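Structure first, commentary second.
Read-outs: derived from the displayed coordinates by stated rules, not from any lab. Keep in mind that what you see is a predicted model, and the values were worked out from it rather than measured. Positions of Cβ are generated from backbone atoms using ideal geometry, with glycine treated the same way; all protein chains shown enter the neighbour counts.
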Amino acid sequence: MSGQQIPDTLRLVRGGVMLGTISMKPLDPDSPWRTGAFAPSPDYESVRELFEHELRLLQANTSDDPEQWEDWEAVHEELHEPGLHLEAADKSVVADDILIHIDGNEVWWRA
């Protein structure tokens with residue numbers, strides 16, 4: 001997505017199912033992460049626990065333990081397995097190689 005004009009709103013899609021929309025916050029030029037407010041769709045409920053589990057594993061690995069990273073990578077792979085991407089409503093922008101975290105209605109990601 002670098003170099004592309006990113007719209008104010010993106011959709012989070014997994015396996016062809018829209019999980020919700022992200023209202024983008026202003027870009028911090030000193031950070032590789034984009035942030036936004038996440039508005040889940042009803043379909044998000046089927047994967048909410050998976051996203052929450054991914055974030056718990058990430059936050060718990062304070063000692064950079066390789067075994068804990070393996071656990072996190074397994075969950076991350078499960079999230080991405082059916083195809084996880086961000087897209088503009090008109091699909092003029094699509095990012096399918098993303099690292100994304102959701103905490104309630106807060107989301108941060110990088111492509």
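Put simply, the Cα atoms of region 30-107 extend 41, 34, 22 Å along their principal axes, the longest span coming first. When the charge dipole of region 9-110 is built from unit charges on Cβ atoms (+1 for Lys and Arg, -1 for Asp and Glu) and taken about the Cα centre, the candidate among ALA74, SER23, LEU84 whose Cα reaches farthest toward its positive end is SER23. Note on VAL93 and LEU27: the model spin-label points, each 7 Å out from Cα along the C-beta direction, lie 0.8 nm apart. Once the chain from ASN105 to SER41 is taken as fully extended at 0.36 nm per residue, the excess over their C-alpha distance is 21.9 nm. Computed over neighbours whose Cβ is under 14 Å from that of ILE6, the net charge equals +1, Lys and Arg +1, Asp and Glu -1.
Relative to the Cα centre, the charge distribution of region 9-110, modelled as +1 at Lys and Arg Cβ and -1 at Asp and Glu Cβ, gives a dipole magnitude of about 660 debye.
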